[in-house]
Structure formats: C-alpha cells, structure tokens
1. Taking amide H positions as placed in the peptide plane 1.01 Å from N, state which residues far from residue 128 in sequence (5 or more) or on other chains have amide H under 5 Å from it.
2. Translational D (Stokes-Einstein, µm²/s) of region 77-165 at 37 °C and 0.692 mPa s when Rh comes from the Kirkwood sum over C-alpha pairs?
3. So if I place +1 on the C-beta of Lys and Arg and -1 on the C-beta of Asp and Glu, and nothing else carries charge, what would the dipole magnitude of region 18-165 be about its Cα centre? I want it in debye, nearest 20.
4. When N counts the residues of region 176-326, how does its alpha-carbon radius of gyration compare numerically with 2.2 N^0.38 Å, as a ratio?
5. Leaving out same-chain residues fewer than 8 places away, which lysines sit with a Cα under 20 Å from that of residue 209?
6. Can you count the Lys pairs in region 50-133 with C-alpha separation below 19 Å, eight or more apart or on different chains?
7. Run the helix sum for the chain: -39,500 (n - 2.57) per DSSP H stretch of 4+ residues, divided by residue count, reported at 222 nm to the nearest 500 deg cm²/dmol.
8. Can you tell me the length gained on complete extension of the stretch residue 306 to residue 73, counting 0.36 nm per residue apart and subtracting the Cα distance?
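The values are calculated or read from the model by the stated rules, or taken from the named source; none is laboratory data. What you are looking at is a predicted structure, and each value in this text was computed from that prediction instead of being measured. Cβ atoms come from the backbone with ideal geometry, glycine included; neighbour counts cover every protein chain shown. Quick note on the areas: whole protein, heavy atoms, side chains included, nothing else; ligands and nucleic acids left out. Shrake-Rupley method; radii C 1.70, N 1.55, O 1.52, S 1.80 Å.
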Amino acid sequence: MIIRAFLLALAIALAGAPGAAAQEKIKVGYWTSGFSVGFGAVLEAGKFLEQTGLVPEYIKFSDVNAPTKALITHSIDAAFAAPTTGAFALAAQGAPIEVVLATQIAEATFVAKDGSPLRSLADLKGKKLGMSPAGSATYAIVAALLERNFGIRTSDFTAVPGNEGQLVQFLQRGDIHAAALRAVTIASVPELKLKVLGKVVDEWKRMMKSNAVPILATAIVHKDYARTDPEGVVKFVRGMIAATDFGRRESAKAAEMLRQASNLDARDATSYARLWGDIYIATMEPETVATFKAMAEIFRVSRTIEGEVPDALYVTAPYQRAKQQP
C-alpha cells in the first residue's frame, strides 16, 4: 500500500512538473513539389519543430493551393510555403488566417541565350518572354517591374506561360527570346549558355527603393489555432527560423538531407543547397510587412486578387517572441 501510494503521488507530481506536460501537437501542411518540398525535407529530417517542443504531423499535398484550403477546413493548423497570392485572396474574402512569417523569396533571373542581341530588360518590348502564367505571383511581379522600371506594359510584349522545364525547352528551341527562370533551374542546365538580362530581386528593390525582397510564399496559421495555442505558433516560427538558418549555414548537410529525401542526385542536391539563401527566408520585420502590403496593392491593381487585403492578416508578435528565445 505504501509503495502504491508513493507511485501515485510521484505520478501526480510529475504530471504537474515543468517540462513533463504533454508536448504540443501541430498539424503542418505543405506542397510536395516546387521549392516547398526541399524545405520540407530539411525541416523534417532535422526535426527542427520537435526541437522546440512541438510534435508535428506533416500533411503533404500534391496541389500547391491545397494546404491553404486545408487550413480553412481545420484539416491542418499551419502551412508553410503557402503562395502569397493565395493567402492574400483568402484574407480578402475574410478567411480566418494569419500570416506569421515570410518564407520564400520571389527570385528569378531574366535570361536569353548566349549570343542574343538582347542586352537588358529594356529590350524586351515586342519580344516573347517565357514566364509563370498569368494569375501567379511571379507574373504579377514581373509585369509590375517591367512597367514601372522600363515603361513596358503587358501589351508591349508576349508572355509565354510554362513551368521551368518547359521554359528551358522554349529557350533552347528559340521559341522565345528570353525567360524568367529560378536560380536552381539555371544551375541545373550548365550546358545551356545564357546571358543575364536582369534579376527580379534587384529590379524589385529598385522599384520599391528599399532593400526588402519580394515574397513568393509564407507561413500561415488558422486564427483558431493561434488563439488556443499562441505558444505553439511561437514554437512553429522558431522551428522555421532554425531550419532556414541551418540550410544557409550547413549547405553540405542540407544537401545530404535533400539527396536522401527528395531523390535528387548529388550534383543537383548540392546546387540546390548552395542556393538556399537565395530562395528561403524566415522574417516578419516591419519592412517585411511593408513589402506584403505593397505586393497586395500590386496584385489588386493587376486583378491577380479581388478585394482589399486587411492589415490584420500580418501578425508579427510570434516572430518577435521567437527571435528573443534561444
């Protein structure tokens, strides 16, 4: 009886002890293609969310917009690499979501084949430009850059839509004069000799007159989850920051994680990891919010989204708290 009473008392004491509480569960969704799959591979392999005390269940989707939709139906609590355009569109419709982190840079390089008479982006007037399709964030950003920095409207050139692989083929065959390609895509085709005409990030900074970068993707949470477990949101943000920093600092280790999880060969995995800092960010500073607001206005004017995006969408407190914690 004494032993039984002791064990019962010990169990009660441990249950109430700091650190003995059940770890916080969180359902995290992401798209299993594009750049989100690479970040997801490192986030999972490095157990960065687990290191914050979370117990994540990763829900993977084959459609780029599916994680955002799953958030609305409470199928997941949080999503990363969620398209900025999708987050804006849902917020404009009154969806109960919060953007807590910018996670991916809208980077692309404008290139032409080596030997092309094109010398700069100013020469694109009247030409065929391969790029992401109309309605995408990249399309809206490129259209704004060309018009505001060079006076070239969408009616002044022919936009040829396609994915990265298709755009490379179009360029090789001479079907287009230039293309806006991701850094990873360019690194994966070293045999294709290219001439750089300009870069989206550089032109964005020139247009905005700031050092902030355009944001392709975000980390978002459902408002209900943020309300019921605000500490869980802070831990989620901490884990995202840690994974982003790891990939930037430890490119060799990140490359090995990518090789094992994403079926990349050693060369492609290494090329991918070396470009980590050009692709991924983890920030929610005041200038980040200002960039979000500028992008929302650009997307509204271009009719990429309908309606006004409320300022309440951008929530910085979890990021500020996460930065202060070790």
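1. 158, 177, 178
2. 217
3. Its charge dipole is roughly 460 debye.
4. The value comes to 1.22.
5. Result set, ordered by chain and number: 199, 293.
6. For region 50-133, qualifying lysine pairs total 4.
7. So the calculated ellipticity at 222 nm is -14500 deg cm²/dmol.
8. Full extension of this stretch gives 81.7 nm more.
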